[in-house]
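Right, one structure below, let's go through it.
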Amino acid sequence: MTLLLLAGTSEARRIAWGLADRGRRVVASLAGVTRRPEPLPVPTRVGGFGGEAGFRAYLAAENISAVLDATHPFAERITARTARVCGALGLPYAQVLRPPWAPGAGDRWTMIDAPDEAAAHLPDDAVVFLATGRQTLPVFANLEGRRVLARVVDPPNQPFPFAGGEFVIARPPFKFDAEVALFKALGVTHLVAKNAGGAGGLAKLAAARALGCPVVMLNRPQMPDAVRVETVAEAVAWVEAL
């Protein structure tokens, strides 16, 4: 069999390593958002497929026999298309979806369903740490007028898409003490984040809790009706059972 691993998350990286020596052909696919992604131990393609028709053509040309979707929990368009195409073609498909975060003692969270709802929960003089990724910035344009700090991995090629915005260039992992120091240095008063789940983003949430910063948390999009696993071990076991 040939497995297509839709990658780009820490889980996908660990799955690739877990399958690298199992005697199965695995091809990983990265969207190409990060300029210098960490190398994977399996053959890797970078870039889009050219829409649904291009994706179908790739599956046929590479004789893909199963697809494991370990993309970001907010990559809803990729996930929906992949589940739909695999269902139509009769290809085994599973999504790796880590559990979402939940507020704990001391957290001051407001849950929203759409980015344009964030502004209603942020005062005009707020200093907002916008931890939702470079590609989402245009949909937060109604935050204009506030000081908005967006963390990105790679130096931007384009200016911030609205007035009052600044880029913060940094590459993970991010530690609690460093996040606290960063928030203090920048004067952050509010955090806006996607409920991505996972250990990698916990430090910023812990920093907001420690500093008493309110958090505006974007709920996850609706997921397709499909086979779903939560952990790397479960994902590897699913592949092994094919």
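The values are calculated or read from the model by the stated rules, or taken from the named source; none is laboratory data. Because the structure is predicted, anything quoted here is derived from the model rather than measured. Reconstructed Cβ throughout: ideal geometry from the backbone, glycine too, with neighbour counts over all protein chains shown. Calculation scope for accessible area: heavy atoms of the full protein, side chains included, ligands and nucleic acids excluded. Shrake-Rupley method; radii C 1.70, N 1.55, O 1.52, S 1.80 Å.
Kindly indicate whether PRO159 is open to solvent by 50 Å² or more (accessible area, probe 1.4 Å), assigned to a loop (DSSP other than H, G, I, E, B), under 28 Å from GLU38 (Cα atoms) and free of Cβ contacts under 8 Å to residues at least 12 places away in the same chain. Yes; evaluated as a whole, the condition is true for this residue. For region 28-53, the set of residues classified as open to solvent by 20 Å² or more (accessible area, probe 1.4 Å) and not in a loop (DSSP other than H, G, I, E, B) consists of LEU30, THR44, ARG45, VAL46, GLY51, GLU52, ALA53, listed by residue number. Among the residues of region 1-27, those identified as among the charged types (D, E, K, R), part of a loop (DSSP other than H, G, I, E, B) and in contact (Cβ under 8 Å) with a residue 12 or more places away in the chain are ARG22, ARG24. Scanning region 95-124 for residues that are open to solvent by less than 50 Å² (accessible area, probe 1.4 Å), out of contact with any strand residue (DSSP E or B) (no Cβ under 6 Å at 6 or more places or on another chain) and either part of a loop (DSSP other than H, G, I, E, B) or free of Cβ contacts under 8 Å to residues at least 24 places away in the same chain (or both) yields ARG98, TRP101, GLY104, ASP107, ALA114. Of all the numbered requirements in (1) assigned to a loop (DSSP other than H, G, I, E, B); (2) in contact with a helix residue (DSSP H, G or I) (Cβ under 7 Å, 6 or more places away or on another chain); (3) over 23 Å from GLY212 (Cβ atoms), PRO173 misses one, and that requirement is (2). Quickly run through region 200-228 and pick out the residues that are outside any loop (DSSP other than H, G, I, E, B) and either of a type in the set (S, T, N, Q) or open to solvent by 20 Å² or more (accessible area, probe 1.4 Å) (or both). LEU202, LYS204, ALA206, ARG209, ALA210, LEU211, VAL227, ARG228 - these are the residues of region 200-228 that are outside any loop (DSSP other than H, G, I, E, B) and either of a type in the set (S, T, N, Q) or open to solvent by 20 Å² or more (accessible area, probe 1.4 Å) (or both). Counting only residues that are among the hydroxyl-bearing types (Ser, Thr, Tyr) and farther than 20 Å from ARG84 by Cα, region 17-60 holds 2 of them.
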